[in-house]
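Inspection log for the structure reproduced underneath, given as structure tokens.
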Amino acid sequence: MTAHYPVLQVIVPLLAAPFCLVLRIPRLVAIFAILVSATAFLISTALLQQVLSHGIVIYELGGWAAPWGIEYRIDQLNGYLLVLISGISTVVLIAAQSSIGRELPENRHTFFYTAYLLCLTGLLGILVTGDAFNLFVFLEIASLSSYILIALGTDRRALTASYQYLIMGTIGATFIIIGVGLMYMMTGTLNMHDLSQRLPEIYKSRTVLCAFGFFIVGVCLKLALFPLHLWLPNAYAYAPSIATAFLAATSTKVAVYVLIRFIFSIFGINFVITSLPLSEIFLVLALAGIFAASISAIYQLNIKRLFAYSSIAQIGYMILGLAIGTQLGLTATLLHLFNHALMKGALFLAIGAVVYRINSSQLHHYAGLGKKMPWTMSAIVVGGLSLIGVPLTVGFVSKWYLVTALLDKGWWPVAVLVLLSSLLAVVYVWRIVEWIYFTPPRIILTDIQEAPLSQLIPIWLLVLANLYFGVDTRLTVGVSKLAAQSLFGVTL
Amino acid sequence: MVATALAIVCLDDLFAVVMLAGIYSLLSACFFVDLDAVDVAFTEASVGAGISTLLMLASLKLVKRYEDKSRYKPLLALGVVTVTGALLIYGTLDMPHFGDPGAPVHHHVADRYIEKSMGEIGVPNIVTSILAAYRGYDTLGETCVIFTAGIGVMSLLMVSRRTREESRKKVPADMSQQVILRIVAKMMIPFILIFALYVQFHGDYGPGGGFQAGVIFAAGIILYTMLFGLGVAQKVFSPEVIKLLTAFGVLVYAGVGMTCIFLGGNFLDYNVLAHDPVHGQHLGILLIELGVGTTVAAVMTTIFFEFTWRTVKHRYK
Amino acid sequence: MNILGLYNYWIVVILILIGFYIVIAHENLIKKLVGLTIFQTAVFFFYISVGKIKGATAPILNDSLQVYSNPLPHCLILTAIVVGISTTALGLALVVRIQEAYGSIEEHELHAQDNNDQLESQLEAYGTRKQFNIMKRT
């Protein structure tokens, strides 16, 4: 059975999703979803171990050899992300039952879990596949199901947010298939490994350049790189809290993965740097994104929206790491991928717990909650500190690596800007702290209690992970370094 | 086709726009036939000109018919479009020429499909062998996408059972007066359904397969619904059963894949399903096409039902 | 010859651009979806054109025929058409719900209503803050 892990990784949630409709009883479906996600997590850890000890794992679907059939190909990079995505998904699902119970009408619960599992299927499918068109198919599974998750939000703005995301996402996906089509036209293959070997012969071709351009723009739409981020704030703000926690922690990360995969494994960093000013474009957009989004975050009154803008800024840091174009820079990006997923997972889950109690994500309704919900609120504070990058948190580790990489490259003005941008994070996190701890509530909050245990446990699991990986960096840094090395060494 | 597309840009009558979009799809189906893509043409005709137009019309019933162009800001959009266009034209300059048999596309992977698929899979329609066998996993993903759409529409438009019961009493069959239509349809529907089954099982030899069959089957049910009313239709095709069928198709498909694993092959490796690989492939393709057909037909019907319930609910409230 | 050889692709480019233009320039949500369909269909043409070989026939094996067009793009586009209709169906469902919730499907009217909601919550927030400041002073 071990040999089949790569496909089971995706098939288990895929089979489970339609099975949810058969089960029908919401409570049962919820437990079932947790079990499925936990199984996926176990498989992913086993896979990562396999990769770390034996190198790349390849699985031929249908038994057809690579360029004719579709293959799954797992190296350190996607092995590492598989663990992250399935792990976060499991933790988030533990909190789901009570939170979804409060936020959605009963007859939508089964649909929610089905869509959630489909989204998980899509994301895992994108990660493991070694075929460019198969990537598109799973991208669409993930996207369609995330439109559903967002549209299930109770505020009517969830609908427009979902629609806007649908339009932008579909444009992005169509750009991606234009890119894949052009690559296919010039090489006659869809397999990623095969592409990476056949592309170098025709690097000079204008068609290949055009293919690359379309692909990158398409992916950047999906990962909400400034200025293509317009769909993100509303989508995160009005989706059900659990959906926000899951999507914020995972979906943009997977898009960043796709970007890394295509830049480093398929086109090769040399092509990217020599034939296009991509490094400069990414640098400018990343910095602009970091500052614009952090400043917008300061002015938000809805706490979910605030963190949504902060997510856009954090994506800026990841892209900045890529822009550096060195092994250290890539390590920083990979670290930040992991760490940011932990922070945002914790933060959005904590907000979900507050919404569960006070049914609002407006910042001014948080006044005085510091005393009523001490555990939840302290989780928000730790998450916030991690966002700023205070030592002992994961945020510090990734910022440290990013700044080192920048200095190593000799880009010290950029390093200064990164530090300055952290100050903006201090401002928006402080605003939250001020409301929570130092503003007396307008109405008397007698009947508000601490969040239920089923939510506190996952929140604090993530918070502790934030602290643990902030101190003991062997696992995260180790794997990121290995992945970066393999991406820079031989191309796949 | 360019003219149709341009007309769509200019018109503000949404009804006309939707009809033109249907014509555009039909034209493109003809175009696909001309380019030898018969399977694609079949699908485009049934989906683009059929189901998609139908759904658009169903939703038009609920919204204003005319577009408001007062706030129309074309400049920025024109800019973005021009840049995209320039990039695309730039990209075309190094392309191999249209129809050139020496282009790289035709010589790396494609050769094997054309030369060996008969021996390895034993199905004359190469598109079917790629779709169901070589790249069968993509098709599983595709079935999953359709299923996702079904879930989405159900979760967004679901009408509670009570409203259904209430409006069922009030709704008369829409075209109960049209005797000729009803009789003609009664005669046609069995043929449509049989044709769907033919397409389903003939996909190995000619154009067709699970997806097209599913759409045609759904079209038969939809025609029935339009003529005899939603209430009657749902007595015949229970929505609960159809909901389960959407899931059933995906389960069958993935189940076949899992069976292959248990029989010692890789996921979706049909060779192990029977003693002889070619027979195994046949059986595998038959089963998964059945899965695809079931999910597609069920999802299309559900989507149509949900849209119609919405219209009914609005009219009688 | 050069121009003739690429002629087909240029038609595709024009169709792609028209579709893309409708999606981003128009305000009506249904029309945007129609534009999206045109956009995607144009991309399908591109794939199918890539697969065409002059003088070839449809890829259904037959003893009397020798040259077949490339079947792989056909298969990819079958998948893509399905994905397209799924997106359209989901989009339309959203449009129907938006119409119910807002009473309009014109983008600027939706924005106006959203801004109104935003303003209300803003006022409420400043109200809280003001009260707090007054309390501090007294």
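The values are calculated or read from the model by the stated rules, or taken from the named source; none is laboratory data. Just so it is clear, the model here is predicted, and its values are computed rather than measured. Positions of Cβ are generated from backbone atoms using ideal geometry, with glycine treated the same way; all protein chains shown enter the neighbour counts.
Is it the case that the stretch C:106-118 has a residue that's among the small types (Gly, Ala, Ser), outside the structural domain of C:ILE16 (by TED's automatic domain parsing), farther than 23 Å from B:ALA5 by Cβ and at pLDDT below 90?
Yes, that holds for at least one residue.
Applying the selection to the stretch A:416-435, what residues are buried (at least 18 other Cβ atoms within 10 Å of the Cβ) and without any contact (Cβ under 8 Å) to a residue 24 or more places away in the chain?
Once the filter is applied, which keeps residues that are buried (at least 18 other Cβ atoms within 10 Å of the Cβ) and without any contact (Cβ under 8 Å) to a residue 24 or more places away in the chain, the stretch A:416-435 yields nothing.
Look through the stretch A:118-134, keep the residues that are more than 10 Å from chain B (Cβ to nearest Cβ) and part of a helix (DSSP H, G or I), and return whichever of them is nearest to the chain's Cα centre (by Cα).
A:LEU123
Matching residues to (1) facing chain B (nearest Cβ under 7 Å); (2) closer than 30 Å to B:MET118 by Cα:
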| site | (1), (2) |
| --- | --- |
| C:VAL13 | yes, no |
| C:LYS32 | no, no |
| C:VAL50 | yes, yes |
| C:THR57 | yes, yes |
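Just checking, how many residues over the stretch A:295-316 are under 19 Å from the mean Cα position of the chain (by Cα) and surrounded by fewer than 23 Cβ atoms within 10 Å (Cβ to Cβ)?
Adding up the residues that qualify gives 0.
Return the residues of the stretch B:89-118 that are away from chain A (no Cβ under 11 Å), in contact with a helix residue (DSSP H, G or I) (Cβ under 8 Å, 6 or more places away or on another chain) and in a helix (DSSP H, G or I); say none if nothing qualifies.
Within the stretch B:89-118, just B:ILE114 meets the criteria.
For the stretch B:294-317, which residues satisfy the criterion of being among the aromatic types (Phe, Trp, Tyr) and assigned to a helix (DSSP H, G or I)?
First, pick out the residues of the stretch B:294-317 that are among the aromatic types (Phe, Trp, Tyr): B:304-305, B:307, B:309, B:316.
Of everything in the stretch B:294-317, those that are among the aromatic types (Phe, Trp, Tyr) and assigned to a helix (DSSP H, G or I) turn out to be B:PHE304, B:PHE305, B:PHE307, B:TRP309.
Find the residue count for the stretch A:226-280, including only residues that are touching a Cys at 6+ places or on another chain (Cβ under 8 Å) and among the hydroxyl-bearing types (Ser, Thr, Tyr).
Of the residues in that region, 1 qualify.
Given the conditions (1) touching a helix residue (DSSP H, G or I) at 6+ places or on another chain (Cβ under 8 Å); (2) surrounded by fewer than 23 Cβ atoms within 10 Å (Cβ to Cβ); (3) closer than 30 Å to A:LEU278 by Cβ, which single one is not true for A:TRP400?
Only one criterion in (1) touching a helix residue (DSSP H, G or I) at 6+ places or on another chain (Cβ under 8 Å); (2) surrounded by fewer than 23 Cβ atoms within 10 Å (Cβ to Cβ); (3) closer than 30 Å to A:LEU278 by Cβ is unmet by A:TRP400, namely (1).
Restricting the first residue to the stretch A:257-284 and requiring it to be under 24 Å from A:PRO413 (Cβ atoms), which pairs with a second residue that is assigned to a helix (DSSP H, G or I) and of a type in the set (S, T, N, Q) meet a Cβ separation below 7 Å and a spacing of at least six or different chains?
Going by the 7 Å Cβ cut-off, the qualifying pairs are A:ILE273/A:SER279.
Residues of the stretch A:15-63 being within 14 Å of chain B (Cβ to nearest Cβ), within 26 Å of B:CYS260 (Cα to Cα) and not in a helix (DSSP H, G or I), which ones?
A:VAL57, A:ILE58, A:TYR59, A:GLU60
Let's see how each residue does on (1) of a type outside the set (Ser, Thr, Tyr); (2) assigned to a loop (DSSP other than H, G, I, E, B):
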position	(1), (2)
A:GLY218	yes, no
A:HIS229	yes, yes
A:ALA237	yes, no
A:THR244	no, no
A:VAL256	yes, no
A:PHE262	yes, no
A:SER265	no, no
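When you scan the stretch A:79-108, how many residues do you find that are in contact (Cβ under 8 Å) with a residue 12 or more places away in the chain and not in a helix (DSSP H, G or I)?
So the count comes out to 1.
Would you confirm whether or not the stretch B:228-248 contains a residue that is more than 14 Å from chain A (Cβ to nearest Cβ), crowded, with 16+ Cβ neighbours inside 10 Å, out of contact with any Pro (no Cβ under 8 Å at 6 or more places or on another chain) and closer than 22 Å to C:LEU76 by Cα?
No, every residue in the stretch B:228-248 fails to be more than 14 Å from chain A (Cβ to nearest Cβ), crowded, with 16+ Cβ neighbours inside 10 Å, out of contact with any Pro (no Cβ under 8 Å at 6 or more places or on another chain) and closer than 22 Å to C:LEU76 by Cα.
Conditions tested, residue by residue: (1) under 21 Å from the mean Cα position of the chain (by Cα); (2) in a helix (DSSP H, G or I); (3) of a type in the set (A, V, I, L, M).
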| position | (1), (2), (3) |
| --- | --- |
| A:ASN339 | yes, yes, no |
| A:TRP375 | no, yes, no |
| A:GLY384 | yes, yes, no |
| A:LEU387 | yes, yes, yes |
| A:TRP400 | yes, yes, no |
| A:ASP408 | no, yes, no |
| A:LEU419 | no, yes, yes |
| A:ALA425 | yes, yes, yes |
| A:VAL433 | no, yes, yes |
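Assuming B:PHE267 fulfils every condition listed in (1) surrounded by 23 or more Cβ atoms within 10 Å (Cβ to Cβ); (2) in contact (Cβ under 8 Å) with a residue 60 or more places away in the chain; (3) within 14 Å of chain A (Cβ to nearest Cβ); (4) in a helix (DSSP H, G or I) apart from one, which condition is it?
If we test B:PHE267 against (1) surrounded by 23 or more Cβ atoms within 10 Å (Cβ to Cβ); (2) in contact (Cβ under 8 Å) with a residue 60 or more places away in the chain; (3) within 14 Å of chain A (Cβ to nearest Cβ); (4) in a helix (DSSP H, G or I), just (4) comes out false.
Collect the residues in the stretch B:51-88 that are part of a loop (DSSP other than H, G, I, E, B), under 30 Å from B:VAL312 (Cα atoms), more than 14 Å from chain A (Cβ to nearest Cβ) and without any contact (Cβ under 8 Å) to a residue 60 or more places away in the chain, keeping them in residue-number order.
Those that are part of a loop (DSSP other than H, G, I, E, B), under 30 Å from B:VAL312 (Cα atoms), more than 14 Å from chain A (Cβ to nearest Cβ) and without any contact (Cβ under 8 Å) to a residue 60 or more places away in the chain: B:LYS64, B:ARG65, B:GLU67, B:ASP68, B:LYS69.
Determine if the stretch B:142-163 includes at least one residue that is crowded, with 24+ Cβ neighbours inside 10 Å and over 27 Å from B:ALA218 (Cβ atoms).
No.
Closer than 30 Å to B:THR139 by Cβ and at pLDDT below 90, is that true of C:TYR9?
Taking the combined requirement at face value, the residue satisfies it.
Within the stretch C:60-74, is there a residue that is among the aliphatic types (A, V, I, L, M), at pLDDT below 90, assigned to a strand (DSSP E or B) and not assigned by TED's automatic domain parsing to the domain that holds C:ILE11?
From the stretch C:60-74, those among the aliphatic types (A, V, I, L, M) are C:60-61, C:65, C:67, C:72; that's our starting set.
Keeping just the survivors that are at pLDDT below 90 gives C:60-61, C:65, C:67, C:72.
Next cut, assigned to a strand (DSSP E or B) only: C:60.
Then keep just the ones that are not assigned by TED's automatic domain parsing to the domain that holds C:ILE11; that gives C:60.
Scanning the stretch C:60-74, I find at least one residue that is among the aliphatic types (A, V, I, L, M), at pLDDT below 90, assigned to a strand (DSSP E or B) and not assigned by TED's automatic domain parsing to the domain that holds C:ILE11, so the answer is yes.
Which residues, taken from the stretch C:60-113, are buried (at least 18 other Cβ atoms within 10 Å of the Cβ), more than 7 Å from chain B (Cβ to nearest Cβ) and over 30 Å from A:MET185 (Cβ atoms)?
The answer is C:ILE98, C:TYR102, C:SER104, C:GLU107, C:LEU110.
Determine whether B:VAL33 is crowded, with 20+ Cβ neighbours inside 10 Å, assigned to a helix (DSSP H, G or I) and modelled with pLDDT of 80 or more.
Answer is no for this residue.
Just the residues that are over 22 Å from A:LEU124 (Cβ atoms), among the hydroxyl-bearing types (Ser, Thr, Tyr) and in contact (Cβ under 8 Å) with a residue 24 or more places away in the chain, please, taken from the stretch A:145-195.
Matches in the stretch A:145-195: A:THR154, A:THR160, A:SER162, A:THR174, A:TYR184, A:THR189.
Could you go through the stretch C:36-47 and let me know if any residue there is buried (at least 24 other Cβ atoms within 10 Å of the Cβ), more than 30 Å from B:PRO124 (Cβ to Cβ) and facing chain B (nearest Cβ under 7 Å).
Yes, the conditions are met somewhere in the stretch C:36-47.
Go over the candidates A:ILE324, A:ILE298 one by one and state the one that is over 27 Å from A:TYR366 (Cβ atoms) and touching a residue at least 12 places away in the same chain (Cβ under 8 Å).
On the way: A:ILE298 fails: over 27 Å from A:TYR366 (Cβ atoms).
Only one candidate passes the filter, namely A:ILE324.
Among B:GLY291, B:GLY280, which is closer than 17 Å to A:LEU15 by Cα and either within 14 Å of chain A (Cβ to nearest Cβ) or not in a helix (DSSP H, G or I) (or both)?
Values: B:GLY280 fails: closer than 17 Å to A:LEU15 by Cα.
Checking each option against the conditions leaves just B:GLY291.
Part of a helix (DSSP H, G or I) and touching a His at 6+ places or on another chain (Cβ under 9 Å) - does that describe any residue in the stretch C:85-97?
no
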